[in-house]
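Notes follow once the structure below has been shown.
The values are calculated or read from the model by the stated rules, or taken from the named source; none is laboratory data. Note that this is a predicted model, so its numbers are computed, not measured. Positions of Cβ are generated from backbone atoms using ideal geometry, with glycine treated the same way; all protein chains shown enter the neighbour counts.
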């Protein structure tokens, strides 16, 4: 009975604290696909992202998230409506104001994607694999709309050996094995985009389900609940001058019964070479971000989060790195055309 109560308490803490049933990301502005499946295939190349995030460093059992995402159009466009930007002439910005004057809506096409993610928080671990389908269509001269759905399996694991009890109990009661549960993972989304703005709506974990762990030998069961997560995103791009662009954006998260979460982001990019940004997460903390497009096939970004909540007494912040590869990049673009 003691183990049942303690395991239940541990589950309740992990499944409800800070609405962390799904991982937090700081650099999702580099990879909106990790939130919204409608982004799949938005560019004319295969986009690969690898990320590792260590949240609340210094706190025992803090979340650690690693993921791999791959998405691409089903067939690449052969219509050469844009000039290669592989060569960066000194003093010139290949992605300046003139470049975007010729921007047009997306040709109708299909997108596909794949996600593999591992998220560990204390005694709980969630491993997910999912496949994605999206469809893109132009709805105005310079505006496009896409819809996508992602379906997969998530394996929830409870490591009993990581349950630490303040009061010593009989080792025969404190198990040391792993308890596993499989659950579906369904996400759907819409993405409206142009050369100037984007607006996205996504619902993760659409199928709510109860989560319980049981050890047959002791007949012990503890339970929680996986609930839907809703995301509303929007951003607008403006040029401060011909070399520097500014992208303010925001994300609103709703997870019942938690309070609404809000992220406010700002990204500055010099030509299509380097960028820097900042983020504010309401009632949680601040983050600084920095990245570089090393070449037309490789880019990297780093972020550091500073927590302003009471967690800052035990946490040394959060670190996140995202490495990107642009495969089959026919036009040699150093940064995305539709996700900037």
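Tabulated data
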| item | result |
| --- | --- |
| Tally of residues being modelled with pLDDT under 90 and exposed (fewer than 15 other Cβ atoms within 10 Å of the Cβ) across the range 242-261 | 4 |
| Residue in the range 87-101 that is more than 21 Å from residue 198 (Cα to Cα), buried (at least 21 other Cβ atoms within 10 Å of the Cβ), within 17 Å of the chain's Cα centre (by Cα) and modelled with pLDDT under 90 present | no |
| Residue match in the range 117-124 (condition: within 22 Å of residue 72 (Cα to Cα), assigned to a strand (DSSP E or B), modelled with pLDDT of 85 or more and touching a helix residue (DSSP H, G or I) at 6+ places or on another chain (Cβ under 7 Å)) | no |
| Single residue of the range 241-278 satisfying the filter (out of contact with any helix residue (DSSP H, G or I) (no Cβ under 8 Å at 6 or more places or on another chain) and in contact (Cβ under 8 Å) with a residue 60 or more places away in the chain) that is nearest to residue 198 (Cα to Cα) | 245 |
| Of residues in the range 102-116 being closer than 23 Å to residue 131 by Cα and without any contact (Cβ under 8 Å) to a residue 60 or more places away in the chain, the one surrounded by the most Cβ atoms within 10 Å (Cβ to Cβ) | 114 |
| Unmet requirement for residue 282, which otherwise passes all of (1) touching a strand residue (DSSP E or B) at 6+ places or on another chain (Cβ under 6 Å); (2) over 22 Å from residue 230 (Cα atoms) | (2) |
| Residue list for the range 181-213, filter: farther than 28 Å from residue 246 by Cα, out of contact with any helix residue (DSSP H, G or I) (no Cβ under 8 Å at 6 or more places or on another chain) and in contact (Cβ under 8 Å) with a residue 60 or more places away in the chain | 204, 205 |
| Failed item, numbered, when residue 139 is tested on (1) closer than 29 Å to residue 111 by Cβ; (2) more than 24 Å from the chain's Cα centre (by Cα); (3) at pLDDT below 95 | (3) |
| Test result for residue 288, farther than 15 Å from residue 26 by Cβ and surrounded by fewer than 19 Cβ atoms within 10 Å (Cβ to Cβ) | no |
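Conditions (1) within 30 Å of residue 265 (Cα to Cα); (2) at pLDDT 95 or above, marked per residue:
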| site | (1), (2) |
| --- | --- |
| 183 | no, no |
| 190 | yes, yes |
| 202 | yes, yes |
| 205 | yes, no |
| 209 | no, no |
| 218 | no, no |
| 224 | no, no |
| 231 | yes, yes |
| 234 | yes, yes |
